[in-house]
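The values are calculated or read from the model by the stated rules, or taken from the named source; none is laboratory data. Fair warning: this is a prediction, and the values are worked out from it, not measured in the lab. Here Cβ is always computed from backbone atoms with ideal geometry, including for glycine, and neighbour counts include all displayed protein chains. Surface areas here come from the heavy atoms of the whole protein model, side chains and all, with no ligands, DNA or RNA. Shrake-Rupley method; radii C 1.70, N 1.55, O 1.52, S 1.80 Å.
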Amino acid sequence: MDIAVVSIMLYQVIQMLRGSRALTVLTGLGLLTLLYFFSNALGLYTLTWLLQHIFSSLFILIVVIFQADIRQALGEMGARPIFRRSSIKSIGVEEVVSACVEMARLRVGALIVIERSMRLGDMIKREGVRIDAQLSRQLLMNIFYPKAPLHDGAVVISRGRITAAACILPLAEAKGQNFGTRHRAALGIARESDALVIVVSEERGEISVALKDELMRALDATRLRQVLNEIL
């Protein structure tokens, strides 16, 4: 039983890290470990001493490097599937799709966060204006109308209702990529939670969806509807 529990835990950790930036960092730590054994075997005392001091603070180093990944993993553990409810019904999907397609046609920028298992209540309390209104195409378009007071920020949809608007999201680093503020904000909240984020670009009239580290771009109505129905 002991071996089975540890094996399951290791498998879940590998699944969580696969395809993420954390796996690259772990690979680097593995190379440092090999270098330590290599230097110890060859009697490279200075290098061995240096690596020993690095590994003595390994726990603190891991916490600092993986603080975002640890926070996300603990949040996913707290959001147990047994308590998971459908975040948005099929009618709500159609409302979101029609609003996004129309805003893309009119070149109106939008940022829509659809809550899944992990609750985003802390973000709503710190930033944003609580709404708690029925989800509709008209309301979404009215919120993101350029002259509306709540258009600057993100809308949060929770359990099929518009929970808040004008929410400020964390920005992700996008080195070497031509991403605007909305796309960086979408990737920022997607990496810290399991939320699905829709971005409508006012410059290109393009619809994108951010989930984890992935950004799906240039979606039409059919593809956007398919993505929402599959993930939500």
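Would you say GLY128 is touching a Cys at 6+ places or on another chain (Cβ under 8 Å), open to solvent by 30 Å² or more (accessible area, probe 1.4 Å) and of a type in the set (Gly, Ala, Ser)? So GLY128 fits the description; yes.
Being surrounded by 15 or more Cβ atoms within 10 Å (Cβ to Cβ), among the β-branched types (Val, Ile, Thr) and modelled with pLDDT under 65 holds for only one residue in ILE65, ILE82, ILE88, ILE112, and it is ILE88. Across segment 178-201, the number of residues qualifying as closer than 15 Å to ILE112 by Cβ and open to solvent by less than 40 Å² (accessible area, probe 1.4 Å) comes to 15. Quick check: anything in segment 212-231 of a type in the set (Gly, Ala, Ser), in contact (Cβ under 8 Å) with a residue 24 or more places away in the chain and crowded, with 22+ Cβ neighbours inside 10 Å? Within segment 212-231, none of the residues are of a type in the set (Gly, Ala, Ser), in contact (Cβ under 8 Å) with a residue 24 or more places away in the chain and crowded, with 22+ Cβ neighbours inside 10 Å. Being at pLDDT below 90 and more than 20 Å from GLY92 (Cα to Cα) holds for only one residue in ALA174, ALA195, and it is ALA174. Tally the residues that are modelled with pLDDT of 90 or more and open to solvent by 100 Å² or more (accessible area, probe 1.4 Å), restricting the search to segment 91-108. Of the residues in that region, 2 qualify. Restricting TYR11, TYR45 to those that are loosely packed, with under 11 Cβ neighbours inside 10 Å, modelled with pLDDT under 85 and aromatic (Phe, Trp, Tyr) reduces the list to TYR11.
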